[in-house]
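*Asks:* Mind having a look at this structure? Questions to follow.
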Amino acid sequence: MIIEVDNLTKYYGPKVALQDVSFRADRGDILGLLGPNGAGKSTTMRILTGYFPPTSGTARIAGYDVVEDSLEVRRRIGYLPESVPLYTDMTVSAYLDFVARAKQVSQRSASVEWAMDAARVDHVAGTIIGRLSRGYRQRVGLAQALLGDPEVLILDEPTVGLDPNQIIETRSLIKDLGGDRTIILSTHILPEVSMVCNKVVIINRGAVVAVDTPEALTRRVVGADRVAIAVRGPAPEVEQCLLGVPGVRTVTPAAGSNGALRYEVDAEPGFEVRERLAAAVVQGGWGLQELHGQSLSLEDIFRELTTSEEGVPVA
């Protein structure tokens, strides 16, 4: 494993920011660190990058402890904070050369050239950073994280503030940078996780509530696919009939079409309800226009896992 986090806990005075957070990431994983604002994502990333130590628990990067072997860990990490620390009066190449010297990167010139090419900013190498668009500045920040070809990239909200085209380009770039590297991507943009990440860690109120692939999370939350059904009939009777089908947990009205009533039906774990729903509709004498499985979206999963408890999250 490249990243090993075990029972990570962090207190700010009497407040708990992280409580027994544990997860793993192997080489080639793009791990989405997901959670509401104040859930503990930034605290986790700051501990992993050596910004400050945990109160208890351990975190290891490529076998090195983030506290006991902090310098070794930092040599293996490229970090892109949410607010990229750029010197806007320098050219792109001069800034990256400066950062490479500060990081004591060997073969500095070659490393700068490679990082600019990988981040797709080589064609603006001689441009003053202050004259670049927000999207290109973000790429320059990514280039500085790539200096030294680190094993691990930690990216904090890499697409925040970008326009739709820039977001698509940045997501594509992150996917291209995977493979031999392990990437942790902190975000609150749910489609970003679905499109980029192969593993998800959801944190809520300082604790991990789920670690899995996006697909497996769907099965864990509901135990079966959501069913979409469209029925032509009287609304109150149809809804009550669907709720009475064994194994049905909830029936939620959705936008209808062509005079039909549409519902999203969630089943209890372990129940296959589609045949029962069809039989109930036919027995009621109504018209069955549509019936098919519909997997929960990541938004649904996120909402269910992060709103199950009342309370104010910690920063």
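*Asks:* Hey, what's the Cα Rg ratio for segment 158-293 versus the globular rule of thumb, 2.2 N^0.38 Å?
*Replies:* Working it through for segment 158-293, the quotient is 1.41.
*Asks:* With charges set only on the Cβ (+1 for Lys and Arg, -1 for Asp and Glu), what does the dipole of the chain come to about its Cα centre, in debye to the nearest 20?
*Replies:* 560
*Asks:* Antiparallel as a % of all DSSP beta bridges within the chain, to the nearest 5?
*Replies:* Just about 70 percent of them are antiparallel.
*Asks:* With a cut-off of 8 Å between alpha carbons and a minimum separation of six or more residues, what is the relative contact order of the chain in percent?
*Replies:* 21
*Asks:* Run through all the Cα pairs of segment 13-95 and give the fraction in each 5 Å bin from 0, expressed as whole percent.
*Replies:* 2, 12, 19, 23, 18, 13, 7, 4, 1, 0
*Asks:* Another question about this same structure. Take residue 107, project a point 7 Å from its Cα along the Cβ direction, then tell me which residues of segment 139-173 have their backbone nitrogen under 20 Å from it.
*Replies:* Backbone N within reach: 143-153.
*Asks:* Starting with the fewest neighbours, write out 106, 56, 186, 42 ranked by other beta-carbon atoms found within 10 Å of each beta-carbon.
*Replies:* In order of increasing Cβ crowding within 10 Å: 106, 56, 42, 186.
*Asks:* I need the per residue convex hull volume for segment 226-294, using only the alpha carbons, in cubic angstrom as a whole number.
*Replies:* It is 71 Å³ per residue.
*Asks:* I've got another one for you. Evaluate 2.2 N^0.38 Å with N set to the residue count of the chain, then give the Cα radius of gyration divided by it.
*Replies:* Cα-based Rg divided by the globular estimate yields 1.23.
*Asks:* Across segment 143-150, in residue order, what do the Karplus-derived ³J(HN,Hα) couplings come to in whole Hz, using 6.51 cos²θ - 1.76 cosθ + 1.60 with θ = phi - 60° and x for Gly and Pro?
*Replies:* 4, 5, 5, 7, 4, x, 6, x
Since every read-out is calculated from the coordinates, none of them should be taken as a lab result. Predicted, not measured: the structure shown is a model, and the values here were computed from it. When we count neighbours, we look across all protein chains shown, and the Cβ atoms used for this are built from the backbone with ideal geometry, even at glycine.
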